[in-house]
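Chemist: The structure under discussion is supplied below as structure tokens; questions concerning it will follow.
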């Protein structure tokens with residue numbers, strides 16, 4: 001698939017997620033030294049992943065660790081959002097999920 005089509009799909013995903021979480025897209029998808037990851041809301045730092053592969057998506061430990069570190073530096077919760085086969089999913093750290101749902105440790 002041509003790179004420009006992939007880029008357009010990624011930008012569309014970021015715009016959709018920014019709207020859903022009442023946030024804003026990070027310029028250049030977080031490729032600058034001072035602003036990392038794709039979307040920021042008041043309380044969340046969101047990294048978006050997408051694939052055209054219908055059977056699965058690869059989530060790397062390094063990506064999760066970096067998202068966690070950047071979110072902690074900004075005092076936000078870390079969310080990894082991904083699209084797969086027309087469905088939207090999120091990955092949260094267990095402790096953050098329990099906090100969101102008001103569950104005790």
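Chemist: Can you find even one residue in the stretch 33-44 that is within 12 Å of the chain's Cα centre (by Cα), on the phi > 0 side of the Ramachandran plot and either surrounded by 14 or more Cβ atoms within 10 Å (Cβ to Cβ) or at pLDDT 85 or above (or both)?
Modeler: yes
Chemist: Please verify whether residue 83 is modelled with pLDDT of 90 or more and either surrounded by fewer than 18 Cβ atoms within 10 Å (Cβ to Cβ) or at negative phi (or both), treating the condition exactly as stated.
Modeler: For residue 83, the condition - modelled with pLDDT of 90 or more and either surrounded by fewer than 18 Cβ atoms within 10 Å (Cβ to Cβ) or at negative phi (or both) - is met.
Chemist: Taking the stretch 66-105, which residues are in a helix (DSSP H, G or I), farther than 19 Å from residue 42 by Cβ and in contact (Cβ under 8 Å) with a residue 24 or more places away in the chain?
Modeler: Across the stretch 66-105, the qualifying residue is only 66.
Chemist: Taking the condition of being surrounded by 19 or more Cβ atoms within 10 Å (Cβ to Cβ) and farther than 20 Å from residue 7 by Cβ, how many residues in the stretch 45-75 meet it?
Modeler: Residues flagged as surrounded by 19 or more Cβ atoms within 10 Å (Cβ to Cβ) and farther than 20 Å from residue 7 by Cβ within the stretch 45-75 amount to 3.
Chemist: Here is a check on your reading of the model: is residue 5 surrounded by 10 or more Cβ atoms within 10 Å (Cβ to Cβ), out of contact with any helix residue (DSSP H, G or I) (no Cβ under 7 Å at 6 or more places or on another chain) and assigned to a loop (DSSP other than H, G, I, E, B)?
Modeler: No, not satisfied.
Chemist: Answer yes or no as to whether residue 29 is surrounded by 15 or more Cβ atoms within 10 Å (Cβ to Cβ), at pLDDT below 90, assigned to a helix (DSSP H, G or I) and at negative phi.
Modeler: No.
Chemist: Give me the pairs: first residue in the stretch 1-26 and within 15 Å of residue 46 (Cα to Cα), second residue part of a helix (DSSP H, G or I), beta-carbon distance under 7 Å, and six or more apart or on different chains, which are they?
Modeler: These pairs meet every condition: 14/29; 24/18; 25/14; 25/15; 25/18.
The values are calculated or read from the model by the stated rules, or taken from the named source; none is laboratory data. Since the structure is predicted, the reported quantities are computational estimates derived from the model, not experimental observations. No Cβ is skipped: glycine too gets one built from the backbone with ideal geometry, and neighbour counts run over all protein chains shown.
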